[in-house]
Structure formats: C-alpha cells, structure tokens
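Here, each number is a calculation from the coordinates, and none is a lab measurement. Just so it is clear, the model here is predicted, and its values are computed rather than measured. Counting neighbours? That spans all protein chains shown, and the Cβs are built from the backbone with ideal geometry, glycine included.
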Amino acid sequence: ITKYRPFAPVDLPDRQWPSRQITTAPTWCSVDLRDGNQALPIPMNVEEKIALFTLLVELGFKEIEVGFPSASQTEFEFMRRLIDEQRIPDDVTIQVIVQAKENLIRRTFESLRGAKKAIVHLYNSTSEQQRRIVFGLDRSAIVDIAVRGAKLIKQLVATMPETQFILEYSPESFTLTELDFSLEICEAVVDVWQPTLENKIILNLPATVEVATPNVHADQIEWFCRHLRDRSTAIVSLHTHNDRGSGVAASEMGLLAGAERVEGTLFGNGERTGNVDLVTLALNMYSQGVDPRLDFSNIGTICKTYEACTRMEVSVRHPYAGELVFTAFSGSHQDAINKGMTAQARSEKDLWDVPYLTIDPRDIGRSYEAIIRINSQSGKGGVAYLMESEFGYQLPKAMHIEFGKVVKELSDQRGGEISSTELYHAFEQEYLAR
Ligand code: KIV
Ligand code: ZN
C-alpha cells in the first residue's frame with residue numbers, strides 16, 4: 001500500500017527509530033460468532049449468525065471461530081447448517097471452542113462431521129486466582145485436565161480422516177498465570193499433540209482480562225515465545241480483551257513481541273469491554289502502509305450488517321468506522337484539511353498527506369462530502385471550501401472573512417450546525433439576491 005508509510009517523525013542518526021514496526025499482517029481469526037455472540041444481551045439466532053459468517057468471509061477472514069457447538073442446540077445446529085449447506089469456502093477454516101471435558105469434546109466432534117477443515121480449540125483456566133477460587137485445584141491437577149482433554153481430542157481426530165484438523169490450546173487467563181506455569185501446561189499439551197512443521201499447533205495466549213499496560217503484556221508474550229521448547233512448530237496467537245481500554249495497543253505490542261496470529265472481533269464486540277477490535281487493528285496497519293489482508297473498503301455496509309446481526313451500535317467516535325470520524329467541526333481543522341486536499345489533488349505523488357485525516361476516507365467507502373460541516377466553530381476556510389466543493393463558487397479572499405462572519409452569526413442564532421442547503425441560502429440572500 002504505497003499511499004501510506006510507517007510513522008517516523010524524526011531521524012535519529014545514532015539509532016534506528018522506531019526500534020520495531022509491524023511489517024506484515026498476522027493471521028486473523030474472527031471470534032465474533034463465539035466470544036462476540038456470548039456477550040450479547042440477545043444472542044444471535046441461526047439466521048443472524050449465518051449473515052455475520054457470510055460477512056466475515058467476504059471481508060477475507062480465513063479462520064473463523066463459529067461457536068461452542070457443545071454448549072447449546074442453537075450452536076450445534078449452526079455448525080450443522082454451515083457444513084450441510086456447504087457455506088464454508090474451501091479456503092476458510094472454521095474453528096470451534098471446547099472446554100477440557102469429555103462429553104463436550106465428543107459432542108464437538110459430532111458437530112464437525114463432514115467438515116473439510118477445522119480448528120479445534122481446547123481451553124482451561126490456569127491462573128493462580130482461578131485455581132484457588134474457582135477450581136480449588138493445584139497446578140498438577142490443572143495440567144491433568146488439559147492433558148486429558150488433549151489426549152481425547154487426539155483420539156477423535158484419528159477417527160475423522162476426512163477432515164483436516166489444526167489443534168489449538170488456550171491457557172485461559174494467561175495474563176494472570178505465572179509464566180513458568182503457562183509454559184509448563186502448554187508444553188504438556190504440545191507433548192500430547194506432537195506438532196510438526198507441516199502440522200503446527202496454535203498456542204493462544206489470552207488476556208482474558210486485561211490487567212496491565214500493553215508493554216507488560218508484550219513482555220509476557222516475548223518471554224513465552226523465547227522459552228517455548230520448539231518455536232518452529234507452534235503458532236503463537238493473541239486474544240486480547242479491552243478491560244483497560246488498551247486491547248488494540250496490547251495486540252499491536254504483542255505482535256511486535258513475537259506473536260503471529262490475532263483473535264478478535266469486529267468493532268470490539270465481546271465479553272465486558274469487549275475483545276480487541278479487528279477493524280481498528282487492521283486499519284491501523286493499513287494507515288502505516290501494511291496490507292492487512294482484510295477488506296474494509298465498504299465500512300458503511302459492514303457497520304449496517306454488524307448492527308443488524310448483533311443489535312449493537314458502532315459509536316460515532318469509533319476509529320475509522322464512526323459516523324463523525326471524518327468530520328471536522330473546528331474552523332482551523334477545516335482550513336487545514338481544505339489546503340491538504342487541494343494540494344493532494346494537484347500533487348503527482350500518491351502518498352496521502354492531508355492534515356487531521358489519518359487515511360483517505362474514500363479507501364473505506366466514506367466520502368469527502370461528510371468531512372466538513374458548518375457550525376459556529378467553523379472558520380472562514382471551511383465555509384469557503386464548502387462553497388467551492390458543493391456549489392462551485394470560488395470566493396475571493398476578502399469574501400472568506402465576510403461570509404465566514406455571516407455564517408457564524410447564523411449558526412449562533414440557530415444554536416447549532418447548519419446544513420449545506422442553509423449555507424447556500426445564506427449566500428444567496430447575502431450576495432445573489434441583492
Ligand atoms: O478470553 C478468553 O480467555 C477466551 C478463551 C476461552 C480463549 O475467550
Ligand atoms: Zn475471550
């Protein structure tokens with residue numbers, strides 16, 4: 001993506017700056033239909049799940065956690081419909097999550113009959129807090145739970161040679177687990193599953209609850225990657241939540257720390273404050289010239305489908321997607337954007353270089369028309385820009401100030417924003433009707 005380049009405001013001759021950058025997109029896994037769905041006041045019905053699954057496929061997700069098929073009849077039926085109605089494209093792998101319990105694991109494999117490819121995602125909780133408060137078990141008993149689950153999964157995989165399996169293990173509550181214990185339990189599962197270079201396993205390290213600053217999370221990921229016995233046969237995956245509001249930053253730093261896969265949701269839907277928002281994460285990469293390999297070129301439609309399926313709302317301030325994020329209310333911002341866009345239109349260079357707008361709104365299906373709105377805070381530049389872009393009037397400089405005042409007065413009287421029709425009307429009254 002040549003239109004953008006990584007942010008690098010200073011050249012420091014004595015050191016490379018910044019020290020690390022994200023240069024390629026990770027493997028994305030959408031957990032919208034599972035973590036996202038389980039956190040909805042009204043969970044999606046099968047039709048809604050199918051509509052959201054279709055959207056996720058269109059956006060380019062190649063790994064999609066479709067649910068918890070052993071948890072309910074709806075979840076089981078959804079799996080069956082995806083498989084029986086052949087809705088899963090050949091290049092998409094569905095993922096199913098299951099706790100390390102025998103009956104649930106068996107039911108999960110039943111739901112998968114006939115699938116071409118599947119990721120089976122086993123998890124159990126490992127933190128000291130969970131061991132003490134929830135399970136009343138010591139470390140070795142928690143390892144046993146994971147190992148027994150892993151062994152059963154290995155047996156059941158052998159009974160379904162028609163399905164290509166990838167296995168995933170999550171030490172749930174990883175970020176609150178002692179690092180040596182996270183490593184011990186993951187290695188125990190690795191010993192059962194025996195991954196190879198051709199058949200790697202996914203080790204997913206959830207920030208089930210975000211409890212620390214992103215650098216601490218990154219240190220945990222880095223330590224794990226460095227100490228894993230065989231890093232080459234494992235795909236280290238992130239699964240950040242947003243309890244401290246830094247889910248995106250934590251995933252970005254986790255990638256810099258060595259992970260190569262990210263689980264998350266559209267617009268950060270998910271338990272409590274949500275999972276990491278993949279729209280923001282992917283478009284952050286895009287804005288630095290990294291191809292995210294997800295298609296957000298029509299963000300309006302994506303928001304609509306997401307809102308219809310989940311009954312959630314995308315906030316007007318949501319990065320990239322919110323209704324107001326390409327709107328400048330302040331006059332000085334409007335003026336700067338105006339100058340930037342004029343220069344951009346004249347420039348031979350493709351590189352995006354417009355103040356206040358981190359990306360070109362058109363790249364995600366938004367339009368310039370929405371950028372400038374007129375209210376009492378808008379300066380003369382914004383007014384002049386709108387007169388030209390909307391109505392083709394190039395106002396002479398002196399008129400910028402004069403008409404700017406007229407518009408400000410009008411907006412003050414009205415106590416709010418004025419529409420472009422009202423703007424034209426004011427112009428007409430002031431100059432054309434004389
Ligand atoms: O947040 C979490 O820990 C999860 C796991 C079950 C992967 O959703
Ligand atoms: Zn989660």
Worksheet item: How many percent of the alpha carbon pairs in the range 163-248 exceed a separation of 14 Å?
Response: 62
Worksheet item: Where is the GNM fluctuation largest for the chain (alpha-carbon springs, 10 angstrom cutoff): H121, H241, H318?
Response: H318
Fill in: Only Lys, Arg (+1) and Asp, Glu (-1) charged, at Cβ; the range 12-71 dipole about Cα centre in debye
260
Practice prompt. Can you pull the one-decimal nm distance between simple spin-label points at D219 and R139, each 7 Å off the Cα toward Cβ?
Written response: 2.0
Discussion item. With θ taken as phi - 60° and the coefficients 6.51, -1.76 and 1.60, list the Karplus ³J(HN,Hα) couplings across the range 289-303 in order, rounded to whole Hz; mark glycine and proline as x.
Written reply: x, 9, 5, x, 6, 9, 9, 10, 5, 10, 5, x, 5, 4, 4
Worksheet item: Picking from G254, G392, G268, which is most flexible by a Gaussian network model of the chain using Cα springs under 10 Å?
Response: G392
Discussion item. Using amide H atoms built in the peptide plane, which far-off residues or other-chain residues are under 5 Å from N124 H to H?
Written reply: S170, E172
Discussion item. Is there a quick way to get the dipole size of the range 283-434? I mean about its Cα centre, with the Cβ of Lys and Arg at +1 and of Asp and Glu at -1; what is the value in debye to the nearest 20?
Written reply: 180
Worksheet item: Among K408, K49, which comes first, then next, by fewest other beta-carbon atoms within 10 Å?
Response: K408, K49
Fill in: Lys/Arg +1, Asp/Glu -1 at C-beta; the chain dipole; positive extreme among I153, T213, T327
I153
Response to the item:
Once the dipole of the chain is set up from charges on Cβ (+1 Lys and Arg, -1 Asp and Glu), the residue from the list A141, V120, L179 lying farthest towards its positive end is A141
Worksheet entry | Descending Cα extents along the principal axes, the chain, whole Å | 87, 57, 42
Worksheet item: Regarding the range 203-285, what is the average projected area of its C-alpha convex hull, in nm²?
Response: 4.9
Fill in: Karplus 3J(HN,Hα) series, Hz, for the range 334-348 with 6.51 cos²θ - 1.76 cosθ + 1.60 (x for Gly, Pro)
4, 4, 5, 5, 3, 5, x, 6, 5, 5, 4, 5, 7, 6, 7
Worksheet item: About the Cα centre of the chain, what is the dipole size in debye to 20, counting +1 per Lys and Arg Cβ and -1 per Asp and Glu Cβ, all else neutral?
Response: 160
Worksheet, complete the sentence: Projected onto the charge dipole of the range 245-340 (unit charges on the beta-carbon of Lys, Arg, Asp and Glu, signs +1, +1, -1, -1), the Cα from G245, N275, V314 with the largest positive-side position is that of V314
Worksheet item: Which residues' amide hydrogens lie under 5 Å from the amide hydrogen of I202, considering only partners 5 or more residues apart or on another chain, with H built in the peptide plane?
Response: L167, E168, Y169, I235
Fill in: Cut-off under 5 Å, modelled amide H: who pairs with Q164 long-range
K117, A118
Practice prompt. Convert each backbone phi in the range 234-248 into a coupling constant with the Karplus relation 6.51 cos²θ - 1.76 cosθ + 1.60 (shift: θ = phi - 60°), then list the ³J(HN,Hα) values in order as whole Hz, x for Gly and Pro.
Written response: 10, 9, 8, 10, 9, 8, 8, 9, 10, 4, 9, x, 10, x, 5
